[in-house]
Structure formats: C-alpha cells, structure tokens
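Q: Mind having a look at this structure? Questions to follow.
What follows is calculated from the coordinates using simple rules that are stated; it is not laboratory data. Being a predicted model, the structure only gives us computed values, none of them experimental. So basically every Cβ, Gly included, is an ideal-geometry build from the backbone, and we count neighbours across all protein chains shown.
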Amino acid sequence: MIEISGLSKTFGLGANAFTALDDINVEIRQNEFFTLLGPSGCGKTTLLRSIAGFVDPTSGSLTIEGQDVLPLPPYARPVNTVFQNYALFPHMTVAQNIGFGLEMQDRPKAEIKQVVGEMLELVQMAPMADRMTSQISGGQQQRVALARALAPRPKVLLLDEPLSALDFKLRKEMQIELKRLQSETGITFVFVTHDQEEALTMSDRIAVMSSGRILQIGGPKDIYDHPAERFVADFIGDTNFLEATLQSVAGEVATVTLPSGKTVAARAVQGGGQSGAVTLAVRPEHAVLTKESGLLDGVLENIVYFGTDTHYHITLDGGSAFVVRKQNQPNTGEGFEVGDKVGVSFEAGVGQVLRD
Amino acid sequence: MTQASDTQATRRRWLLLSPALLILLFAASGPLLIVVLYSFLTPGDYGGVVWKFSTDAWFNVVVERDFFDDTLSFSDAHLSIFWRSVKLSLMTTLVAFIVGFPTAYFIATRPKDKRDIWMLLIMIPFWTNLLIRTFAVMEIIRNEGVVNSLLIGLGIIDQPIQMLFTEFAITLGMFYVYLPLMVLPIYAAMERFDFSLVEAAYDLYASRWRVLRRVIFPIVKPGVIAGSILVFVPSLGAYVTPRVLGGGKQLMLGNLIELQFGQGRNWPLGAALSITLLAIVMVALIVYVRAAGREEMSHG
Ligand SMILES: Nc1ncnc2c1ncn2[C@@H]1O[C@H](COP(=O)(O)OP(=O)(O)OP(=O)(O)O)[C@@H](O)[C@H]1O
Ligand SMILES: [Mg+2]
C-alpha cells in the first residue's frame, strides 16, 4: 500500500543542518491501523507530512499503491490529513467544511450533499451541520476534522495526534470511534501519537521512532512483550533491566546467567550476533514475588497500592532496583511487608534480551 | 441601588463620555453644520457669504444657467468631474488592491523577524511629504522624465508619450500615494491568518488558485474591505495629486471645491459640492459594504 524506503529529511544547511528523518524503511499495508509512536521531536510529524506532500524528503522513495508520489503536490495525492490543530475553515459551516474536499474535486452537487449527509451521520454531527466551526466544542471539531478528511474517500488517512487536545473521557470515546470508523470505511489509517497506551490499544502495528529513526515495527503485543531495544522497552510501559551474561543462543531462545548466578531461558534478539554481557528486560507484571528464594533475591523496599494492582519495589542483592507488579485480588492479605527478604522469579521465555 | 446613586452613576457616565462628545460636537458635527448652513446662503462678492437664504448653490451643483438667454441645462462640467472622480477613485482602489494584496501576502509569509522591515519599507513613503511624493511621480512620467528618456534612449519610441496631465497620471499618483493604506489592513488580517488552513485546503484537493479564492480571500476579506475604503475615500476627495499630475485640466471633486472657495468666490456652491462629495462617499460605502456582506451570506 504505502512503501517507504531509504527516506531521509534534513532541514537547514551546513552547520544548521538537522536530520529529522534518517533512512526510514517501512511498508504500510492495506486497511491497516498503523501507528507512529515516539517522543516529542522524533520526526513523527515530519514523516506524516512527507506522506501528505508538505515535506520534500532529501532522499529516498515513497510509493502509494505502486505509484511514486514524491513528485506530486499535496492536492494530487490520494491522501487526506486530520491535522493536529484540526485546521477547520472558520468561515464555513460544519457541513461546508465536510464537503470542501468533494467540492474541490468537482463532484456533482447531489453527490456532495449525499456524502456530507452520510459523514455527518457517521461522526454523529448531523444536528450541528449548519453551525460555524467556532460554535462547536473541541471534541466536535475533532469529529468534523475527521469527517472532512474521510469524505473524499482517500486511500490513506493521516492523523497527527488528533486526540491530544481532548480530555481523558472524550479521548477514550474517540479512540473507540476511530477504530470503528477505520473498520467501517476500510481506509488505511496512519496515526501519530506519543501516547504509548493509545498506540497499544488502537493499532494493528506500531512503528516506534526515536531521533528520526524507526527502531522497531510490530504488533502491540509483539512490541510490548518483546521490545528489541532498551529505548523501546523503556518508552513503552515499565520495564526492569537486568545485567546478564549470554551463555548460548539457539534460534529464538537465549540462555542467560543472571547476577544471582542462576540461569534462565529468555528470548534472543532477532539476528543474534551477541555474546558476553547483555541487558535483559523483564516486565514488572511478568515477574512473581515469593517468600522463598527465587531467580533473584532481595529486600522489599516499598509497597505502592494502585487500586487495580500493587507495585513492589525491591532492592536486589547486587544493589539494583526491581519492580514487581501484582494484580489485586479481593480479600487476600498479600502477607508481604516492607523489609522482608523476598525472591523474584519469572518463567522461561519471559525475559527479552535487548540489542546493544 | 438607590435613586441618588443611580443619577450619580449616570452623571459619571456622561462625564467620562465628555471628551468623545466634545470631539464629535466641535470637530465633526459643528463644521459639518456650518458647511450645510453655508450651502443655503448667498455668495458674497469677494468670497464669504451674505446672510440671505438661497438654494442657488444646490441648484448649481448639477444645473447650469446659460449666461445669455437664461436657459437651464445640465452642468456637463460638474457632471464630468463627478464621473471622473468616481471613476479614477475606483481605478485607484482596484489597482491598489491588485498590487497591495500580493504585497501583503508576501510580507505576511516572510519569517517573523523580517516582516517588520518589509512593512517599514512600505510605510516609509507614507511618512514622506505628499507634495514631494507627487512631484516624484511627475519626475518619472513627464515628457522629459525617467520613463520617456529611457524609452527614447533605447530607441523604442522617438516621440515622448504624453503621460503627465492625463487621467492615467492621476490614477498612478493616487495609487502610489495610497498604496500603504491598502497594504496595512490586509497585512494585519493576513498576519492573523492561520496558514495551516492553506495546508488543509491543499490536502483536500484545492489548487493554488482555489486555495486563494476559497480560503485565504474570504478570511482576510475584512482587511480588503477596510483597505478599499481607506483608499477610495481619500481618492475621491483628493486635491494635491490631481492638481499636480492632472495639470488643472483634469479636475477632480477636490479641485472643484477648492476652486469655488478660491477663484470662483462661490462659497455656497463649494459648500454644496462638499456635502455632495460626502453623500457620494456614504452611498458608495453603503453599497460596497452591503455587497460584500451579501456575498458572505451566499458563499458562507
Ligand atoms: N521546518 C523545519 N525546520 C527545521 N527543523 C524542523 C522543521 N520541522 C521540524 N523540524 C525539526 O525536526 C524534528 C522532528 O520534528 P517533528 O515535528 O517531526 O517532531 P514530532 O515527532 O512530530 O514531535 P511532536 O510529538 O512534538 O509533535 C524536530 O527536532 C524539529 O525541531
Ligand atoms: Mg508532531
């Protein structure tokens, strides 16, 4: 659907040159909810704007359905954008905003009217069709922006942090709404966010970006359970990092020795090629706390209650910190107290060896 | 609230309003009333007015009494001056818009720290004395001026083109003099314009021209309206520019009025013409603003 290869963008010249995109390679599939996730300034917007045609890449290629779109101006690309600030036309009504794209394509009046009606229904804005855009709320503006971008039936919809301005509850609603729209319309969504939770709940696949590069591409579970790099593991969810020694690798399975001297099976890095000291990532909820000695031993430093779960902060014997998260059950006294000597264990294959 | 403090508050309000009221009374309504009054009096022999009621002045605005046989006819001289004033003012406004709009757009799309310099360049001529600016235009277009010398020097023409003392000269002069008044309000509107709307329109398949016509123009239109009024109104009453560049042959309303208060020694007629000028301005403004508003309604 969208194939991007070797795409780079450098802003400025000479000493002021800044590489915002560095050799981006990604293939986005038909009818996929694809998310670009990364911290502020990592180049998400720049990549999105390259697809839309507002940024001229320094090098690389970009095709949509096999067609090279780089020479095309934005208005000739089969792509629509939902802008971060919505960019609704203030001199037009809600309905006129939604119909604008169709009108610019010189579609017949009757068709425009019909599609605008459908879109108004789709985003549940029909009662406000004739309001000016300044007379509707932020969430409603967001839905109008969405409808405006969907109305011309683009092959790809680009969304640049469309939910960032909304409050928590509305945000949750719109997340569900967006997923519904995507499956109903069958349009490929490329969604930008720096909210990892949003990315995990909504996406078919996620590309994690940092400093202009894509670090890892994969499904939400894949990315969460098996982060390839320390940055990814750190950026998405909470993670414990353990210094370990790699003993052997057999396919996907790596055998590592923990600081405690005990040995456990973990997932190897794709491509392999590592030896000696490695970093092992273990999610807090993938580890269990025991009164007996475990894979690792330490002292319970702190217990933090979060309602749905409890975090146990442990100082391991080597001095490093480790967190175990345990879901709370009704009426079970956990029996752990600060200062207890505890063991920490996790199953074979749960730990992930990180790329250095 | 009690009655006493109520009246006190009212009095306070009037007190606060008094500067505005004084200006309205002495600087606006007062002079206007005097002009209206004069237009209904009889001209004095050496200028001034004689305190005797007469409607002759108003009569003479559009009608002429033949010197010999007392027959009445439309005053062609006056009507052609009215017509020329309106025509040249409209031309000036149009040209100022055609040049001023892209200029304002250009400046508004420069980096923020450069815009002030560009605006300064536009404003500098405006701070220069009007006569000097007008004579500068004269210097450029007169028969031995820059343009003609250049064209003759290049062998493109062998006789100078008569540009000075034509309607073209007046329009050019007024355009040059009033251009900043067009650029300024349009620029002010454009500077507030959110250029991400342009991207949104491009993204929605609008070509450059359509972006301009459907998105940029409607949003900065208040600036265009303000600029047009600011150029049209002083053009209609312009005095110096048509005097210098029209060479006394191509009179405009301002010159005609001056003539009545000066050589013509017909103050009441001058007063009546002034009121007529004011009326034309008001009618033009009402028509213009109405039309602009109606387009808004139909276009949204
Ligand atoms: N026109 C430009 N000129 C110079 N540098 C730019 C330009 N546009 C973006 N950059 C730089 O490129 C980098 C990436 O910017 P981009 O807007 O893509 O980040 P982002 O990932 O969308 O961040 P955010 O989450 O804050 O929106 C930033 O460091 C930014 O300063
Ligand atoms: Mg961004």
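Q: Given the -39500 (n - 2.57) contribution per DSSP H run of 4+ residues, what per-residue ellipticity at 222 nm results for chain A, rounded to the nearest 500 deg cm²/dmol?
A: One gets -7000 deg cm²/dmol as the mean residue ellipticity at 222 nm.
Q: Then there is this: Which of the peptides B:278-285, A:160-167 is most tightly packed, and how do the rest follow, judged by the mean count of other Cβ atoms within 10 Å per residue?
A: A:160-167, B:278-285
Q: If the only charges are +1 at each Lys and Arg Cβ and -1 at each Asp and Glu Cβ, what is the size of the charge dipole of the protein assembly as shown around the Cα centre, to the nearest 20 debye? List each step's numbers first, then the result.
A: Working: 54 positive and 63 negative charges, 386 e Å.
For this selection, approximately 1860 debye.
Q: GluC sites (Glu not before Pro), restricted to segment A:272-356: which are DSSP loop and have at most 14 other Cβ atoms within 10 Å?
A: Those satisfying the criteria are A:Glu292, A:Glu334, A:Glu337, A:Glu347.
Q: Can you give the Rg to Rh ratio of segment A:238-353, both from alpha-carbon atoms, with Rh computed by the Kirkwood formula? Write out the running numbers ahead of the final one.
A: On the way: Rg = 14.8 Å, Rh = 14.7 Å.
We get a ratio of 1.01 for segment A:238-353.
Q: Count charges around B:Asp56 for me, please; just the other residues with Cβ under 13 Å from its Cβ, Lys/Arg as +1, Asp/Glu as -1.
A: Surrounding charge for B:Asp56 is +1.
Q: If you don't mind, there's one more thing I want to ask. Of the options A:Phe89, A:Ala129, A:Pro154, report the single residue whose Cα projects farthest towards the positive end of the charge dipole of segment A:81-219 (beta-carbon charges: Lys, Arg +1; Asp, Glu -1).
A: A:Pro154
Q: Tally Lys and Arg at +1 and Asp and Glu at -1 over the other residues with C-beta under 11 Å from the C-beta of A:Leu36: what net charge comes out?
A: Taking every other residue near A:Leu36 into account, the sum is 0.
Q: A follow-up question, please. Which FRET efficiency, nearest 0.05, do A:Ala348 and A:Phe168 yield, Cβ-Cβ r, R0 41 Å?
A: Efficiency, rounded to the nearest 0.05: 0.60.
Q: Binning at 10 Å from 0, report for segment B:66-144 what percent of all alpha-carbon pair distances ends up in each bin.
A: Spelled out per bin, shortest first, that is 14, 24, 30, 16, 10, 5, 2, 0.
Q: Here's something else I'd like to know. Can you give the calculated 222 nm mean residue ellipticity of chain B, where each DSSP H run of n ≥ 4 adds -39,500 (n - 2.57) and the sum is split over every residue, rounded to the nearest 500 deg cm²/dmol?
A: Dividing the helical sum by the residues of chain B leaves -23000 deg cm²/dmol.
Q: Which residue, A:Ala281, A:Val304, A:Asn240, has the largest displacement toward the positive end of the dipole of segment A:238-353 when charges sit on each Cβ (Lys, Arg +1; Asp, Glu -1)?
A: Farthest towards the positive pole: A:Ala281.
Q: Oh, and also: Going Cα to Cα from B:Lys87, which aspartates and glutamates come in below 12 Å? Please leave out same-chain ones fewer than 8 positions away.
A: Cα-Cα hits under 12 Å: B:Glu167.
Q: Please compute, for peptide A:96-109, the average count of beta-carbon atoms on other protein chains lying within 10 Å of each residue's beta-carbon.
A: Going residue by residue through A:96-109 and averaging, the value is 3.
Q: Before anything else, pin down the relative contact order of segment A:2-225: Cα pairs under 8 Å, at least 6 apart, normalised by residue count, whole percent. Show your work: numbers first, answer last.
A: On the way: 415 pairs, mean separation 65.6, N = 224.
Across segment A:2-225, relative contact order equals 29 percent.
Q: Let me ask something else about it. Less than 12 Å Cβ to Cβ from A:Val94, Lys/Arg counted +1 and Asp/Glu -1: what total charge do the surrounding residues give?
A: Summing Lys and Arg as +1 and Asp and Glu as -1 gives +2.
Q: Now for a different question. Can you tell me the alpha carbon radius of gyration of chain B divided by the globular rule-of-thumb value 2.2 N^0.38 Å?
A: In units of the 2.2 N^0.38 Å rule of thumb, it is 1.27.
Q: Also, I was wondering about something else. Which percentage, to the nearest 5, of the DSSP beta bridges contained in segment A:128-280 is antiparallel?
A: 80 percent
Q: Another question about this same structure. Note down the magnitude of the dipole of segment A:238-353 about its Cα centre, charges +1 on Lys and Arg C-beta and -1 on Asp and Glu C-beta and zero elsewhere, to the nearest 20 debye.
A: On the way: 7 positive and 13 negative charges, 47 e Å.
The dipole of segment A:238-353 has a size of about 220 debye.
Q: What span do the alpha-carbon atoms of segment B:105-248 cover on each of the three principal axes, reported in whole Å from largest to smallest?
A: Extents along the principal axes: 54, 36, 28 Å.
Q: Now for a different question. Report the Cα centroid-to-centroid distance between segment A:179-253 and segment A:309-356 in angstrom, as an integer.
A: 23 Å
Q: Report the semi-axes of the equivalent ellipsoid for the protein assembly as shown in whole Å, largest first, where each axis is √(5λ) for an eigenvalue λ of the Cα gyration tensor.
A: Working through the eigenvalues yields semi-axes of 76, 30, 24 Å.
Q: About the Cα centre of segment A:2-225, what is the dipole size in debye to 20, counting +1 per Lys and Arg Cβ and -1 per Asp and Glu Cβ, all else neutral? Each step should come with its number before you reach the end.
A: Numbers: 21 positive and 26 negative charges, 81 e Å.
Taking the Cα centre of segment A:2-225 as origin, the dipole is about 400 debye.
Q: What's the angle, to the nearest 10 degrees (0 to 90), between helix A:94-104's Cα axis and the longest principal axis of chain A?
A: Here the helix axis deviates by roughly 70 degrees.
Q: In whole Å, what is the distance between the alpha-carbon centres of segment B:47-113 and segment B:239-296?
A: Centre-to-centre (Cα) distance: 4 Å.
Q: Hey, another quick one. What nm distance separates the two modelled labels at B:Arg115 and A:Ser248, each placed 7 Å from Cα along Cα→Cβ?
A: Result: 7.0 nm between the two label points.
Q: Given a cut-off of 20 Å, name the pairs among A:Lys179/A:Lys221; A:Lys9/A:Lys44; A:Lys262/A:Lys291; A:Lys113/A:Lys179; A:Lys109/B:Lys221; A:Lys172/A:Lys326 whose C-alpha atoms lie farther apart than that in the structure shown.
A: Flagged as over cut-off: A:Lys113/A:Lys179; A:Lys109/B:Lys221; A:Lys172/A:Lys326.
Q: Any idea which of B:Ile117, B:Thr103, B:Ser80 is furthest toward the positive side of the dipole for segment B:64-136, if Lys and Arg beta-carbons carry +1 and Asp and Glu beta-carbons -1?
A: The residue sitting most towards the positive pole is B:Ile117.
Q: Now for a different question. Would you work out the relative contact order for segment B:76-299, in percent, from Cα pairs under 8 angstrom that are 6 or more residues apart?
A: Worked out over segment B:76-299, it gives 26 percent.
Q: Give me the number: length gained by fully extending B:Met282 to B:Trp51, i.e. 0.36 nm times residue separation minus the C-alpha to C-alpha distance, one decimal in nm.
A: The B:Met282-B:Trp51 span can extend by a further 80.2 nm.
Q: Across peptide B:191-203, what mean number of C-beta atoms from other chains lies inside 10 Å of a residue's C-beta?
A: 6
Q: Next question. Work out, step by step, the length gained on full extension between B:Thr10 and B:Arg290: first 0.36 nm times the residue separation, then minus their alpha carbon distance; give nm to one decimal. Please report the intermediate quantities before stating the final value.
A: Details: separation 280, 0.36 × 280 = 100.80 nm, distance 3.59 nm.
Result: 97.2 nm gained on full extension.
Q: Across peptide A:84-93, what mean number of C-beta atoms from other chains lies inside 10 Å of a residue's C-beta?
A: 5
Q: Using a simple spin-label model with points 7 Å from Cα along the Cα→Cβ vector, what separation in nm is obtained for B:Arg265 and B:Tyr239?
A: With each label point 7 Å from Cα toward Cβ, the separation is 2.1 nm.
Q: Rg and Dmax of chain A, using alpha carbons, in Å: what are they?
A: Considering chain A through its Cα atoms, Rg and Dmax are 24.5, 76 Å.
Q: Please report the equivalent ellipsoid semi-axes of segment A:38-90, computed as sqrt(5 x eigenvalue) of the Cα gyration tensor, largest first, in whole Å.
A: Semi-axes, largest first: 20, 17, 9 Å.
Q: Among B:Leu94, B:Leu24, B:Leu256, which one shows the biggest mean-square fluctuation in a GNM of chain B, springs joining Cα atoms closer than 10 Å?
A: B:Leu24
Q: Are there trypsin sites (Lys or Arg not before Pro) in segment B:237-300 that DSSP marks as loop and that have at most 11 other Cβ atoms within 10 Å, and which are they?
A: Details: sites: B:Arg243, B:Lys249, B:Arg265, B:Arg290, B:Arg294; in loops: B:Lys249, B:Arg265.
In loop regions of segment B:237-300 (DSSP not H, G, I, E or B), the sparsely surrounded trypsin sites (Lys or Arg not before Pro) are B:Lys249.
Q: Oh, and also: How about segment A:288-356: which chymotrypsin sites (Phe, Trp or Tyr not before Pro) there lie in a loop by DSSP and see at most 16 other Cβ atoms within 10 Å?
A: Those satisfying the criteria are A:Phe306.
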